[in-house]
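Nothing in this text is a laboratory measurement; each read-out follows from the coordinates by a stated rule. Fair warning: this is a prediction, and the values are worked out from it, not measured in the lab. Note that we place each Cβ from the backbone using ideal geometry, even for glycine, and neighbour counts take in every protein chain shown.
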Amino acid sequence: MEHLSATETAFLLVACQQIVLAAGWLAAVPLLASTRRAVLLWAGYAGLSAAALVLFVVSTQPGTGVLRAFGNVVIVAAMVCLQRGVRSFFGAPSGWRWHGVVLVAAAGTVWAAMLPQQTAWRVAVIAGLLAAICLSTARDMYRELPVRMGLDGAPRLLLAAPLVLGGLTFAARGLRAVFWPESILAEVMSNSALNVSSAYVQGLLALTQQLTLLGLVATRLVGDLRRTSRHDALTGLLNRGAMDELLATEARRAARLGEPFTVLMIDVDHFKAINDSDGHAAGDRALQHLATLLGTQMRDIDRVGRWGGEEFVVVMPATRLDEAASLAERLRGRAEAMPLRWHERELPLTLSVGVAQWHPADETHAALLLRADAALYRAKAGGRNRIERERAPAEVIDIGGAAAA
């Protein structure tokens with residue numbers, strides 16, 4: 001091609017944009033291991049979009065109509081990659097029936113409408129297929145965002161909007177091909193300001209859709225970082241900082257509503273002996289085993305965290321001392337009955353538990369933890385593998401002082 005028209009230049013600029021985006025996605029694959037398949041599919045989406053645009057430019061030369069027709073199949077394949085990537089990102093089911101039908105329909109349409117006088121019909125079908133993929137992808141995103149990522153309201157609408165807009169744009173082009181085919185023929189065959197504008201609009205839509213995908217990845221990364229900062233790496237439970245915040249929040253809520261809540265302070269008996277006799281790998285596995293046990297035995301409203309070392313804390317909202325002690329006893333018995341399987345043998349695991357209820361007289365949740373810790377101290381001093389309840393405030397001070405001494 002000796003000279004490029006303004007339309008061809010515009011399409012090639014959009015193709016370059018897509019090539020850069022494809023390279024960016026491929027470069028990000030090692031950094032986004034948890035979403036690798038989705039990222040590869042989105043790189044395919046950008047790369048195939050670029051290839052389709054290049055084919056459209058090359059097909060402006062005489063005798064290359066077959067390239068334009070093939071470009072239609074390539075752009076449909078690009079949108080299939082986009083939707084499959086979105087479904088993979090959300091972990092949603094993604095069979096091949098729907099996309100197989102779309103690809104076969106695109107290929108069949110191109111094969112049956114190769115002649116120039118069939119261009120409008122071909123454009124109508126391809127645009128309809130592209131509109132269907134865009135709108136169904138927007139539906140996937142709108143449906144999965146609240147379930148998989150907890151996003152609702154304005155963020156949910158904002159992330160789905162570019163795909164809806166793309167679907168409506170393709171649908172409008174398909175309708176033009178059906179009702180005003182002469183306008184489509186003029187657009188395809190001529191170099192005009194309308195064609196240049198159309199190229200840049202497509203580029204803007206493609207860029208907006210790519211930014212939507214980047215927004216999905218960024219939102220997940222922020223969520224993962226937030227989770228990492230609040231959860232213990234070994235057990236997956238809330239860490240001490242997160243539990244401290246939770247206790248402060250629960251204390252404020254209980255003071256406002258006048259409802260009690262209770263704390264369990266749990267310690268693994270003879271944990272050092274496990275590390276010394278079987279190694280730290282066995283100790284880590286024991287903590288994971290107990291974390292799973294705590295997660296399955298406590299109620300949905302309870303919150304479990306690793307306080308440090310072999311100590312765990314459970315916050316039990318709207319729960320009085322007697323009920324909490326009963327649940328703690330059930331947990332203790334369950335732990336005793338479920339030893340850890342380690343290298344073809346069983347390692348017994350027992351728990352000592354201190355139970356304390358928040359009282360309105362407490363100035364901070366630290367006083368509640370002090371009573372629970374004092375009760376735990378008595379459980380361990382009394383022979384371990386047992387439950388102890390809080391005592392009167394005066395006794396807590398005496399025990400705390402003795403423990404410190």
Exposure proxy order (Cβ contacts within 10 Å, fewest to most) of Cys81, Cys134: Cys81, Cys134
Tell me the relative contact order for the chain as a rounded percent, counting alpha carbon contacts under 8 Å between residues six or more apart. 11
Final fewest-first order of Met141, Met79 on the 10 Å Cβ neighbour count is Met141, Met79
Once every DSSP H run of n ≥ 4 in the chain is given -39500 (n - 2.57) and the sum is divided by its residues, what mean residue ellipticity at 222 nm do you get, rounded to the nearest 500 deg cm²/dmol? -23500 deg cm²/dmol
How much length is gained if the chain between His270 and Tyr200 is pulled fully straight, taking 0.36 nm per residue apart and subtracting their Cα-Cα distance, in nm to one decimal? 18.2 nm
How large is the charge dipole for region 240-404, taken about the Cα centre, if only the Cβ atoms of Lys, Arg (+1) and Asp, Glu (-1) carry charge, to the nearest 20 debye? 220
Average Cα contact separation per residue, region 240-399, under 8 Å, 6 or more apart, as relative contact order %: 28
Which of Thr219, Thr319 has the fewest other C-beta atoms within 10 Å, and how do the rest follow up to the most? Thr219, Thr319
The chain - charge dipole about Cα centre, Lys and Arg +1 at Cβ, Asp and Glu -1, debye rounded to 20: 980
